[in-house]
Structures are given as structure tokens and as C-alpha cells.
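For reference, the structure is listed below as C-alpha cells.
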Amino acid sequence: MNSGVQELGGRELAAKLAAILAVPETLVRMPAAECDLLMRAARNAKLLGTLAHRLSEARVESALPQVLREQCASELALSRHRRQMVLWEIDRLSRALSDVDTPVVLLKGAAYIVQTLPAAAGRMPSDVDILVRRDRIAEVERTLLRKGWQTTPMNAYDQRYYRQWSHEIPPLRYGPCPLELDVHHAIVPPGGRARPAASELIGSALTVPGSPFPVLSPEDQTLHATLQLFYDSDCSNRLRDLLDIDGLLRTFSARPGYWERLTQRAGAFGAAHSLACGLRHTARVFGTPIPDSVAAAVSARGRGWLPQSAFDALVESAMAPAHPDGGAARTAVAAAGLLRARALCLRFPPSVVIRHVAARTLHAVLKPVRPDTEVA
Amino acid sequence: MSRIGELGEAAIAARLEGTGLPLDFGAARVRVFSDHLPLAVAMTQVYRDYPVFEGESAFTVTAAVRRASGVRRLLRAQIRFVVDGDAPFEPFPAETHLPLLEWGLNWCIANRSHHRLMLHAGVVARDGLAVLLPAYPGSGKSTLTAALMLSGWRLLSDEFGVLNPAEPAVLHPLLRPVALKNESIDVIRAMYPGAAIGPAFPRTRKGTVAHIAPARACIDSCHRGATARLVVFPKYDSSGGLEIEPVAKARAFVKLAGNAFNYETLGPQAFHAVRAVVDRCDCYQLRYRRLDDALAAINGFLRGIAPASQPLQPARAQADGDSTAYASQAGSSAAAPASPTLQ
């Protein structure tokens, strides 16, 4: 442990990552040891592909030490492949679902890819997410199973949890395709305060040239990203998700009327608090330009039951990447735990929370000791 | 520059606990940390001729093997493979430290090398010409690769055939200790009594595993490639004799591409690279019972290919002087024990 950068805390790491993502030139001017550490932190935060893309756009990756330059090239190749796999899965889906007469909407990474959003560049999608109407999801699932998709192995508890409490069915997979297919009937789990109606989301979905499926409207894509991060997650090591929000805001804010529709929609969906968090944290970390009037209007509407300063401190702590040499800080683990508890309490009555936590803990303790993976 | 074996266990343990132990494999450079002393002892043996270089601060992989904390530690001592702040695998029993490190490093290297086509094959070279030994279950690839190295061939890798798709004629070394399994450990020990074999690790997922330290000359030439010339699909068969059959190029293509680590990831680039390899290589299937027979056959294949008479495309500067490397390696009998059975 041989350099000053070793002492960086999670928040400093997050700030440094944000700085090199914003101005990639700064990375190549750093000493090699610091470059190496920050690229490892970027990998830990699932941001190395994005960083590699930005270094390449800025035409500065040739100034990196050779092994780091090679890792950038490797990540870009992998990202290109994943993009190709996503497009392939979309193509297969369009054939498989051609005779199911119901709208299918692409969500998240797959939607960013078909729209060729800047946020998709260098991103490493691991699944394809689609949204269908709840009353048609059984038919969609049956059709996919008949046409070669398979359910991933899962214990009975998790199966039941998905069916009863989740906004998606258990993940599917097509043959050797490395990506999972998540079929949703809503963009957030049922039961909580945020209730974006799937029918409205699907109703305002937009077609994309060249894509067999439509995508959510710009404001709904933004709300989906903020809800997922601040309503339905523990924020643990989720800098990448925050960067997605930054990318969506920067791209879509160029469209006339975007901010008005965004704030109006957030109010209608009970998503004002998540949006307020999204705007605050992405502005803090990535300096996302947000009009003052929008920030003020959203933050007045989006009050949570936790004091804002306390909630923000938890988010900031949980969201930071783990230190490459030390793993996640204890404070980050604790903060993520509290945020996880919050996410559960937002949705479930206490009895369900207790049962769920107990089942998961038991499962973790009883997990087999030996790895299932083969030793090469 | 001092070598790991010369520094000794105590110094290596201190490096593993302190600033990390750097290792240069050629196509990848790694840095290892550990607080588990038995790993230092084993590494001092199987990495004995790797130089300890100073002043490098960028690596393909920085990984640690750490003693695990947690409740289950009370029942059984465990270790974890930690990379960039994550522990991607379940803990291993503490006594299988070197297999965990080797497997974890291979996993990381394979996942971080999509700038290269990574064939799954042993690679050895002689006179600047490389022989690929693709890995299939039961092929005896590692045993054969080890025997070739111990009888004077230059080992490039026992696991990865590394190609730059822009220049697919050249195989690049990714030189790691050769992992032997089960019976092959005794076979190699009997045939090459001087071989530097590290401790045996019983009861791993693949049975007993032991590692051979690569010869010094191979380590010192781990940045020099070799030109692809021969693809041999070995097949160990305890019942038969020696059988050699040419393999049609189309079939060789499918077999090479089919078990590459990242053929799909590289797409068309991988297609053209594998085609270039198959185009310029003679391809054989080699069914063997006795290791001696297989070695003699592979020597024979390459002897039948006179390097000067074959209009090989120039493999750039990287392949030049490989015959010197081989000559110097053959001269250094301490590093590469000569095979009594072959010579």
C-alpha cells in the first residue's frame, strides 16, 4: 500500500471518479499508481466501460500506461458485445411475441441502447427489461416459455417472493444468451407510496426508429431511474445508476417542455421525493445542470419522513464505491442496511418485513461453503 | 534483478503483506497481496524464477488472498480471493491457497483480455514457431505442455493462446505455472525427476493439483511472441498406441473457435483471427498412450516443417530471435531439466 491515494475514503473516491468522468484528461495526467487505483475503483463501481469510452472520445487513452490502455480496450470490446447481445435479444423477442397482441415497452439499458443515448456508451448491460400490462403478463410468460426461454433456477421462497411481492416475474433466459430477461408489470414494486400506473406509462410510450418495441417517454425514463435508485434500492455502490440519471437529464433537458412534464409526472406518480433525491445527488456528484426553479419546485414537493440531511448522508455513504484495497467501508455497509430497511418499510407491513429478512438471513447462513464454480 | 526463489519465503511473505508481489506473465501483469503465510511458501516455489521488478504501478489485476472472517471461520479456516474491493467467489478452505490464487488470477485475466482473442490451449514454441495444443476434457493438454517445456521447448502458456486480432499470426506468452492434476503429477515426476513441482493440493474440486515452475528461459522471453505453425489436438487414450491423423481445416477452425474464452465477444474479429491461424497451421489429431510417443510425434511434425523453406509471413519484431531463446534455454540445463527419455 504504497501511495497517498490509498487513504481515500469512499466519498473522496466517488468525487475523484466523477471528476475523471467529467474531464478524462485529468486521469492521464495523474501518476500511474493513482490511475491504477482509480481504474480499479471504476471497475468496482461498474463504471470502467463508461470511463474507457470517455477516455477514447477525448482521445487520451494512448497516454495511459500500457496495461491500463489494454483494460480500456477490453472493456470497450465487452461493452460492444453486450450491446450486440441486447439488440439480438430484442430481435428474438420481437419474433417470439409477434402474435401476442399487447404492447411491450423496453426499459432502462435496452431502451438507452435503441435510442443510442450517450448514457448507453460503454455501459455494461447484464439484462434486458421489458414492461407489459399486468393482465397480459401470464400470457407473455407462457409464450416465451413455449418459444425457448427458460426460468433460472431459484428456490421456492424466492419464486413466491417474486410472484407475490415483486413488480416482475422470475428472470428468464434464452439458451446460451448471457443476458437475463426481466419481464415487468410495473416499474416499482407494488404496495408503496409511489404508484406509477403501468397503463399510463405504456400509454405514453414512444416508438423509436429501427426498434420493434417502443420506449418510455423521456420523463418516465428519468422517473424510472430515480425511483429505482432512491425508492427501491439500498443505494449500495450505485454510482453507475446515479450516472444514468445524470446522462438522462443532460440528454432530455434539451427537449422543450421536459422539466415541466417531469415535475408534473413526478407529482402524479407519487415520485416527487425520489426525483428530488435524484436531482440533488446527481447535481452534487456529477454537477448536472438543473434549473433553479425546477430544483426548488421539486424539493418543496418531495419531502420524505427522514430529515433530508440525514437521508442524504446515508445515500452519500452507501453509494460510494468500495475502496479497491479495503472493500466496502463499515459505514457504507451500515448505511446501505438502513436504506434497505427503509426501502422495505416503504412497501410492506412490519410482519412481512420481518419474515422476509429472516428468510434471507437463514438462506445466507445455510449457503454451501464450497464454490459451485469449476477450478480451471 | 532478483528472482522470487532467491529472495526466500520470509521476504516474499513480507512483500505479499506489504506493497504486494508483482508478477509479469507477458500478456498480463499482476500484483498479489496476502496475509496467509502458507501461500508465500508455495509461491516461492512455483514462481521461483520470476523476477521481482520494482517501480511498476499499473497492473492488469491486483488481487489478494485473505484469511476470511465471519462465523464459519470458527468451524473451518477459510480464505477468500479479493479483487478490487470485491470477493467474487465463495470462500475456499485455507489449505487450498495456491489453487485459489491460480484459478482466481486466470478468471480475472480471462475476463479482462477482450482486447485479445483468448484461445483455450497450451502453447509451446521452438525456433520461433508455435504449437497450439487446444484443451478438451481428457486431452492431457497440461501434461503434454509440461512435458514439452521440460524437454526443452519454450512454454508460452499452459492455458491461454493469446492473439492480437490485428496480427493473428503471432501467439503471445501468458506464462503461468503449469497446473497438473491427479495421475499426471506422478507421471511428470517419474519422467522428469528434476522438475520443479510445487506442493500438491489434495481435495480440490479437480482432485489433487500441483504446479510446475516455468523454466527461467521461458520467463525471460515472456514478451516475445512466436509464429503459429502447428495445431495438435491431443487425446490421451490408455488403451491404444500412437495414432496421427490430419484434421481438416474447417474442422480445426470449429474446434479452436468453439472452446476459445471470448470468441463470441470479439465476433468477426475472432472469426478472422481463427481463420488466419488455421490457414497457416498444419492441423493434426494425436491419439497417444505414452507421453514419449506424443513428444516424439510433435518434434517430428515441426522437424518436417523447415522454417526457412516455408514462406511464412514476417511476424514482426516480436518473433525474431526466438531460436536464440531456445538455444539459450537448451543450454541452461538447470532451468529446464533435460529429459532422459528423449535425449
Of the residues in the stretch A:345-375 that are within 14 Å of chain B (Cβ to nearest Cβ) and touching a Phe, Trp or Tyr at 6+ places or on another chain (Cβ under 6 Å), the one that is modelled with the highest pLDDT is A:PRO371
Working only within the stretch B:92-103, note down all residues that are in a helix (DSSP H, G or I) and at the interface with chain A (Cβ under 10 Å from one of its Cβ atoms).
-> B:THR96, B:PRO99, B:LEU100, B:GLU102, B:TRP103
Evaluate the stretch B:45-56: report whether one residue or more is more than 8 Å from every other protein chain (Cβ to nearest Cβ), under 22 Å from B:ALA179 (Cα atoms) and aromatic (Phe, Trp, Tyr).
-> yes
Using the structure shown, decide if A:ARG123 is under 25 Å from B:TYR263 (Cα atoms), out of contact with any strand residue (DSSP E or B) (no Cβ under 8 Å at 6 or more places or on another chain), in contact (Cβ under 8 Å) with a residue 24 or more places away in the chain and away from every other protein chain (no Cβ under 14 Å).
-> yes
Specify the residue that is nearest to the chain's Cα centre (by Cα); the eligible residues are those in the stretch A:125-134 that are in a loop (DSSP other than H, G, I, E, B) and more than 23 Å from A:LEU249 (Cα to Cα).
-> A:VAL132
Return the total of residues in the stretch A:74-90 being more than 7 Å from every other protein chain (Cβ to nearest Cβ), more than 20 Å from A:GLY175 (Cα to Cα) and of a type in the set (A, V, I, L, M).
-> 1
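Residue-wise test of (1) away from chain A (no Cβ under 14 Å); (2) in a strand (DSSP E or B).
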| residue | (1), (2) |
| --- | --- |
| B:LEU105 | no, no |
| B:ILE109 | no, no |
| B:HIS120 | no, yes |
| B:ALA125 | yes, yes |
| B:LEU132 | yes, yes |
| B:TYR136 | no, no |
A:GLN71 fails exactly one of the following numbered conditions: (1) within 9 Å of chain B (Cβ to nearest Cβ); (2) under 21 Å from A:PHE213 (Cα atoms); (3) crowded, with 19+ Cβ neighbours inside 10 Å. What is the number of that condition?
-> (2)
The residue from B:ALA63, B:ALA27, B:ALA68 that alone is outside the structural domain of B:ASN164 (by TED's automatic domain parsing), within 18 Å of A:ARG40 (Cβ to Cβ) and of a type in the set (A, V, I, L, M, F, W, C) is B:ALA63
Mind checking whether some residue in the stretch B:60-68 is closer than 18 Å to B:GLY198 by Cα, in contact with a helix residue (DSSP H, G or I) (Cβ under 7 Å, 6 or more places away or on another chain) and of a type in the set (S, T, N, Q)?
-> no
Of all residues in the stretch B:241-256 being of a type in the set (Gly, Ala, Ser) and out of contact with any helix residue (DSSP H, G or I) (no Cβ under 7 Å at 6 or more places or on another chain), the one that is modelled with the lowest pLDDT = B:GLY241
What number goes with the only condition from (1) within 13 Å of chain A (Cβ to nearest Cβ); (2) over 13 Å from the mean Cα position of the chain (by Cα); (3) among the acidic types (Asp, Glu) that B:GLU167 does not pass?
-> (1)
Residue count, the stretch B:78-122 (criterion: β-branched (Val, Ile, Thr), touching a residue at least 60 places away in the same chain (Cβ under 8 Å) and touching a Leu at 6+ places or on another chain (Cβ under 9 Å)) = 1
One residue from A:TYR162, A:TYR174 being without any contact (Cβ under 8 Å) to a residue 12 or more places away in the chain and surrounded by 14 or more Cβ atoms within 10 Å (Cβ to Cβ) = A:TYR162
So which residues in the stretch A:117-144 are modelled with pLDDT of 95 or more and in contact with a Lys or Arg (Cβ under 6 Å, 6 or more places away or on another chain)?
-> A:ASP129
Grab the helices (runs of 4 or more DSSP H) fully contained in the stretch A:193-303, keeping just those with 1 or more residues being polar (S, T, N, Q), in contact with a helix residue (DSSP H, G or I) (Cβ under 9 Å, 6 or more places away or on another chain) and more than 27 Å from A:VAL128 (Cα to Cα).
-> A:258-269, A:292-301
Any idea how many residues of the stretch A:287-300 are of a type outside the set (Ser, Thr, Tyr), in contact (Cβ under 8 Å) with a residue 12 or more places away in the chain and surrounded by fewer than 23 Cβ atoms within 10 Å (Cβ to Cβ)?
-> 7
Give me the pairs, please: first residue somewhere in the stretch A:335-356 and farther than 20 Å from A:GLN159 by Cα, second residue anywhere and assigned to a helix (DSSP H, G or I), beta-carbon distance under 6 Å, and either six or more positions apart or on two chains.
-> A:ALA335/A:LEU314; A:ALA335/A:SER317; A:ALA335/A:ALA318; A:ALA336/A:ALA318; A:LEU338/A:LEU314; A:LEU339/A:LEU314; A:LEU339/A:ALA318
Scanning the stretch A:9-46 for residues that are under 21 Å from A:ALA329 (Cα atoms) and more than 12 Å from chain B (Cβ to nearest Cβ) gives A:GLY9, A:ARG11, A:GLU12, A:ALA14, A:ALA15, A:LYS16, A:LEU17, A:ALA18
For the stretch A:309-332, does any single residue satisfy the condition of being over 30 Å from B:THR208 (Cβ atoms), within 14 Å of chain B (Cβ to nearest Cβ) and at pLDDT below 75?
-> yes
Buried (at least 19 other Cβ atoms within 10 Å of the Cβ), more than 10 Å from chain A (Cβ to nearest Cβ) and within 28 Å of A:VAL28 (Cβ to Cβ) - does that describe any residue in the stretch B:75-91?
-> no
Would you pick out the residues in the stretch A:79-124 that are among the acidic types (Asp, Glu) and either under 18 Å from A:HIS53 (Cα atoms) or in a helix (DSSP H, G or I) (or both)?
-> A:GLU89, A:ASP91
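The values are calculated or read from the model by the stated rules, or taken from the named source; none is laboratory data. Computed from a predicted structure; not experimentally measured. Ideal geometry is used to build each Cβ from the backbone, glycine not excepted, and the neighbour counts take in all protein chains shown.
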